[in-house]
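Below is one structure, written out as structure tokens; the observations come after it.
What follows is calculated from the coordinates using simple rules that are stated; it is not laboratory data. The shown structure was predicted, so the numbers you read here are calculated from the model rather than taken from an experiment. All Cβ positions, glycine included, derive from the backbone under ideal geometry; neighbour counts span all protein chains shown.
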Amino acid sequence: MTFSNRNIKKTENTKPVDIPFLSNAVYEKQKIKSEKYVITKTVPKNKKSSWLWKILKFLFWFIFDICLIGGVALLAWVFYVSSQAPSLDKINSSSFEQSSVLYDNTGEKILYQLVGDYRREVLTSIDDISINMRNAMMAAEDAKFYEHSGVSIRGIIRGARDSLFGKKTGGSTITQQLIKMTVLSDVKKNEKTLTDKIKRKIQEITLARKLEEKYSKDEILLLYLNKSPFRGNIYGIEKASKIFFGKNAKNLTIAESALLAGLPQAPGRYQRNRTSKITLTQSELDELQITSFQDLINRQQSNEIQYGHFVRGIFGTEYTFANGATDYIPGRADYVLFQMYDKKFINQSQFNIATEELKTLEIKDFRDIIKAPHFTFYAQEELHTILKELYELDDTEVDAFIHNEGLKITTTIDLKLNNEVQRIISENGEKAESQGFNIRNAAGLVLDSKTGAILSMIGSRNYHVSEMNGNKFDGEVNVITSRRQPGSTFKPLAYAAAFELKGLAPATVLMDVKTNLSLNKAKPWTPRNYDGTFNGPVSIRQALGQSLNIPAVKAGIIVGITELIEFTQKIGIVYHEDVKRFGPSMALGAPVIKPLDLGATFAMFANNGKKVEPYAIVSIISADGVILYSREKYIAEKAKDEEYIENLQVLSKETAFLITSILSDETGKARPTTWNPSLSLPGRPSAAKTGTSTGVVNGITHPHDVWTIGYTPQRTALVWMGNNRGWKENPKGLLHDKASGLTNAAKPWRDIMIAAHKIDDKTNLEVEEFKKPEGIKKISVSSLTGKIPAKDFPSKLIISDYFNKKFLPSKQDTSFKVVRLEKESKLLPNEFTPETVIQEFTYIEFHSYFPKNPNWEKPVKIWLQNNGLKLANSLEIPNLVPFVPEEYTSLYSKDTKGNAPQISILSPSNMGIVSPPLINVRVDVRAKNNLKEVNLFWDGALVATKTSSPWIFTIPLKNAQIGSLHILEAKVTDSLDYTDITSINVKVGEDRLPPELSILYPQDGEKIEKGSLVQVAVDAIDKNSSVKKINFFLDGILVETKVIRPYQYSWTVNINTGTHILKAVALDAAGNTATESVSVTVIESEVQVVERDIFIGNDDKDSPVSQNTERVLAITSPNAGNEFSNAIPITFSIPTRIRKSGINIAIMARKISGKKQKIFSITGNKIPSNGLVSFSWSPAEKGEYSLYIQITGDSKDFSSKVRIVAQ
């Protein structure tokens, strides 16, 4: 049945309904309430509907009665809880306040006293407080303070609603806040259940109402302002007014009041954050194109970027956004001032004046009595977190708890070490700034590598100053807990992921070559190394040790960007943005992270892969000695959970060791040895990594953050140097191009690590080695690939390195292959290439990690083409070429093969007789490709080699017996290594044949000018033996004897004119002789020798030579176009001025399309008086030649060319 068909009728009398389980009293009460209206049912259609109606009526009244009874019981319980509320007598007392104190790790040295009566000045009249201050406090905390009676129902409902959704918003009035931080402070800390919280809230409301009844509004506001915390241990408005502004509370301006009114909400937070800031780096602002504060807020509200990028401080400030745009980001004081205007406490004019005043408002220089300030405030945050979890308190309640309970808080800080780290950081920061590196700030951190205890935390060069060296300085900002780009210090994390997830190892080789590594085809990205070079094949050990960029990016891609993000989160990195947008640049440290998280991750490596959680609080003890919290017990309790223990091992011991073995340079092959003095510790194993992040201005990259992080098994230290903010000339705060982690941060890191291992001035921590896990094995692999070396693999290329036993290499290195190449060009041979010039070479076959990906594979081939020769030479392996060429040699073709040389043996003849001890061998050679050499073999043994004509050899016959048969072989090789071979058989016997003899020059009947120089030349050969000597006779008189080739002598013609006989007699080894003679006619000179200043002769018929007036530099015979089938007689003339010592005269012959050759030479002082010289020349090859004279030495000249043809 539905209620849509019910009729509601007014009635005066209704018959009682018998309702079971209700007393008469209750029934009568319900009857009176129901007499005005009753619900009458529609006449049931049948009996079944009537029964259903009765059941529904019964259920309605039953539930109604239960609710009524419950409501009465709840009301009674509320009255009971209210009656148990504490007395209001404590509201005026300060005896409950006991100073809570932070101590160092000894529990004896005070870091900071959180509250004390000496910091309070109590006012007795509301008139002692400026109306501006009163209005500001109400605008910030409770605008309707004077209108409600102590409780805001709307505020309670809003607070309850927000609590359901996990939000922390204030719903309490000033009256309720006063009750919470005074009367109910003890109750709050003992809450354990939701019921306890409800009880306390009921009592809070009750007491607030009572307080409003007992005190006036002015008195309540006065009490609240007297007890509110304003900063650290500064309590009460009067004390705060004097500390901050040096004046009484009644003299506070609107702007000053707005500033102070904003503090009680979270005094600790605003003590740590003096000025508002944007946590996005300048690079991120540029990348996201956030140009103003409102733009940032809009993007957060639209979920385009995450919340939390704006940290509100006390003051606002001008901030540089994207593209150099500036905008004002408000502080807490700006917020309160706006609330004062929005809630009508001040008018527009007052708001404008106060806004301007706020921008120039300065707080008096006041330093709390505090040690290790950055650490102390970090410890306070941790203290807040612990107390919230222990007692379920909100921020205001935690502050009240801390400042009222007299807690003794022991921390992890080593004050002596922290002071030393502060000194090192300050001095090196000052040094870097003074040396022009554009570095104005620095920070340092020291952790216990095993426990995560923070032993030192230096967040800036000087916490207490806002200006340094004339520049604005954010000394209060703790860089260690801020967000910075880690640069190359992130690379060990990327390689750890590759080791852990993909089985790579320190010996794995990646190609460091110029590669487009973008995952977005529309936006190519080609990273470069720090020095702009590419190194080709490098092991991960080398790549990480030398901090190369390209292999690191490749490692990240191999792992997968999503997997890399998840992996780094697992081992301790916390991201504060959507880092997937960085893509492959993740591996280079593009995302911003907190240095504290980065330091903890490096400590994890030192701790054999167990997660290290940095902590600052060792214990919290109440004023009466009760241990409220103990880190030791907290960890012991968590250790009972097996899942917790299992989850602590975020990285395998093996991977942690492999990373450490690289960063410690355990093999001495990872990083350059010049880095070691800055990155190693004396007498103690250590691991370290430098890093440099970058920023871009006008397309030029500059350093931005410089780091050094390192560890031993006992301590982990981090040093950062850079700038929190930019300035007018350098909006992004970029550093000088020479700034780097190694240059600037390494030395202070080393000094800090040495200090961190000292127990006292004389004692150091015991030296502890990095332990090698059982799952690690050291094996020999190829240095080129990281794979198993083949059987004949060069030993110099085999290295030993560590591997995880789960991922031992199984594939064999096949990088060395054999290829047949033309040995000169080292190109592939074609079909015309002679076998004699083809040689087997070894080449290295390199591939990228993804050989099927052209974006990875093609750059490897390009690198090999450009750098392979240098690589091959560095490996010092014989006949090693960098790669297999794709090009065929062009030295050999169909034409060159058609011009292959030919050789034949002219004498002796086949099966001819040869006689000891020597024989002459004459061969005929034809070589169109230019001749290289001719070799002669006797029974297969090389016995003679010649590279120029005449092709006549004299060889000895050793141990040759009469009648023995031998093989004589001749081989010709041309300049292209084409060859031809011929051979004959010869028999050793008695030589009875005379030698063959002919006079080459002068020829029979030739006319010779008196006074000229003639080169008399003969040709002689003995087919069976050898020519022993040649005797030359002139008119029957012996004038010269020659025993070796060439058989020629120089004859100066100083005899009478007329006919004369020249005779030559050849004698062979067997005594056989041969005679040849010619008749020559000596004539007077036909030329009148006249000296003139003409050097170059010519063939012109009108030239001086033709006119017989003088000698010029010229070839006088043969004439151009003459053809010769035998020896060519040549005569040339030399002018007088060239006929002197120091001048060299050469007759040159150049074959058309061939090389030039010297066929005759003489010095100038040997030229006869008539200036004529004659000789003969037998070309080795037929063809067309150009003959000319070349003068060198003290004088340089040449003659005209004469072209002849040798047939």
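Against the 2.2 N^0.38 Å scaling, with N counting residues, where does the stretch 758-872 land? I'd like the Cα-based Rg ratio to two decimal places. Write down the numbers at each step before the final one.
Numbers: Rg = 22.4 Å, N = 115, 2.2 N^0.38 = 13.4 Å.
Cα Rg divided by the expected 2.2 N^0.38 Å: 1.68.
Just want the answer: with Cβ charges of +1 for Lys and Arg and -1 for Asp and Glu, which residue in S964, A494, S693 is farthest toward the dipole's positive end in the chain?
Selected residue: A494.
Enumerate the calculated ³J(HN,Hα) couplings along the stretch 956-972 in order (Karplus 6.51 cos²θ - 1.76 cosθ + 1.60, θ = phi - 60°), each rounded to whole Hz, writing x wherever the residue is Gly or Pro.
Karplus values, whole Hz, x for Gly and Pro: x, 9, 9, 6, 8, 8, 4, x, 6, 9, 9, 10, 10, 10, 10, 10, 10.
So how do T173, T701, T281 line up by other beta-carbon neighbours within 10 Å, fewest first?
Details: T173 24, T701 12, T281 21.
Fewest to most other Cβ atoms nearby, the residues stand as T701, T281, T173.
For the chain, find the longest principal axis of its Cα atoms and tell me its angle to the long axis of helix 194-214, 0 to 90°, nearest 10.
With both axes taken from Cα atoms, the answer is about 60 degrees.
If the cut-off is 27 Å between C-alpha atoms, which lysines fall inside it for K958, apart from same-chain ones fewer than 8 positions away?
Those lysines meeting the cut-off are K946, K971, K987, K1023, K1028, K1029, K1042.
Note down the relative contact order for the chain as a percent, whole number, built from C-alpha pairs under 8 angstrom at least six residues apart. Please report the intermediate quantities before stating the final value.
Values: 2472 pairs, mean separation 75.6, N = 1207.
The value is 6 percent.
Can you compute the charge dipole magnitude of the chain about its Cα centre, using +1 on each Lys and Arg Cβ and -1 on each Asp and Glu Cβ, nothing else charged? Give it in debye, rounded to the nearest 20. Let's see the in-between values first.
Details: 152 positive and 134 negative charges, 856 e Å.
Using Cβ point charges on Lys, Arg, Asp and Glu, the chain gives about 4120 debye.
According to the Cα gyration tensor, what semi-axes, each the square root of 5 times an eigenvalue, does the equivalent ellipsoid of the stretch 1102-1200 have, listed from largest to smallest in whole Å? Spell out each step's value before the answer.
On the way: eigenvalues 103, 53, 28 Å².
Over the Cα atoms of the stretch 1102-1200, the semi-axes work out to 23, 16, 12 Å.
May I ask you to give the average projected area over all directions of the convex hull of the Cα atoms of the stretch 894-988, in nm² rounded to one decimal? Write out the running numbers ahead of the final one.
Values: hull surface 22.4 nm².
Computing the convex hull of the Cα atoms and averaging its projections yields 5.6 nm².
Could you pull the Rg and Dmax for the stretch 991-1084, using just the Cα atoms, both in Å?
Rg, Dmax (Cα atoms, Å): 13.6, 46.
Using the Cα centre of the stretch 1158-1207 as the reference point, and only Cβ charges (+1 on K/R, -1 on D/E), how large is the resulting charge dipole? Debye, rounded to the nearest 20. Don't skip to the answer; put the middle values down first.
Details: 6 positive and 4 negative charges, 8 e Å.
Roughly 40 debye, rounded to the nearest 20.
Which one, G1036, S1133, L880, is farthest towards the positive end of the dipole of the chain when Lys and Arg carry +1 and Asp and Glu -1 on their Cβ?
Comparing the listed Cα positions along the dipole, L880 ranks first.
Helix 491-502 versus the longest principal axis of the chain: what angle, 0 to 90°, nearest 10, using Cα atoms?
90
Can you give the Rg to Rh ratio of the chain, both from alpha-carbon atoms, with Rh computed by the Kirkwood formula?
1.30
Using 32 Å as the Cα-Cα cut-off, could you pick out the over-long pairs in K408/K732; K277/K689; K242/K408; K653/K787? If you can, show how the numbers build up before the last one.
Values: K408/K732 43 Å; K277/K689 30 Å; K242/K408 29 Å; K653/K787 23 Å.
In this structure, K408/K732 exceed 32 Å between Cα atoms.
Over 22 Å between Cα atoms: which of K227/K250; K109/K247; K932/K1158 fall into that group? Show your work: numbers first, answer last.
Values: K227/K250 17 Å; K109/K247 33 Å; K932/K1158 16 Å.
Where the Cα-Cα span goes over 22 Å, the pairs concerned are K109/K247.
Using a simple charge model, +1 on the beta-carbon of Lys and Arg, -1 on the beta-carbon of Asp and Glu, nothing else, what dipole does the stretch 991-1084 show about its Cα centre, in debye to the nearest 20? Intermediate results must be reported in sequence, preceding the final value.
Numbers: 9 positive and 12 negative charges, 50 e Å.
Approximately 240 debye in magnitude.
Amide H neighbours of I1130 under 5 Å, counting only residues 5+ apart in sequence or on other chains, H built in-plane at 1.01 Å?
HN-HN under 5 Å from I1130: F1175, S1176, W1177.
Of the listed peptides 1019-1026, 496-503, 301-308, 526-533, what is their order by residue-averaged count of other C-beta atoms within 10 Å, with the highest listed first?
1019-1026, 496-503, 526-533, 301-308
Return E563, E996 ranked ascending by Cβ neighbour count within 10 Å, so the fewest neighbours appear first.
E563, E996
Can you list residues whose amide H is under 5 Å from F310's amide H, if they're 5+ apart or on another chain and H is modeled 1.01 Å from N?
Counting only residues 5 or more places away or on other chains, the set is T279.
So, by mean Cβ neighbours within 10 angstrom, what's the order for 753-760, 425-432, 405-412, 451-458 with the highest one leading?
Highest-to-lowest ranking by the protection proxy: 451-458, 405-412, 425-432, 753-760.
Which one, W51, N418, I198, is farthest towards the positive end of the dipole of the chain when Lys and Arg carry +1 and Asp and Glu -1 on their Cβ?
Sorting the options by dipole projection puts first W51.
Could you put S172, S149 in order, starting from the residue whose Cβ has the fewest other Cβ atoms within 10 Å? Intermediate results must be reported in sequence, preceding the final value.
Details: S172 23, S149 11.
The fewest-first ordering by Cβ neighbours comes to S149, S172.
Given the peptides 1182-1195, 125-138, 587-600, arrange them by the average over their residues of other C-beta atoms within 10 Å, most packed first.
Ranked from most to least packed, the peptides come out as 587-600, 125-138, 1182-1195.
Give me the angle, in degrees from 0 to 90, between the Cα long axis of helix 653-663 and the longest principal axis of the Cα atoms of the chain, rounded to the nearest 10.
60
What is the set of long-range amide H partners of D1022 at a cut-off below 5 Å, with H atoms built 1.01 Å from backbone N?
It is N920, E996, V1027, by chain and number.
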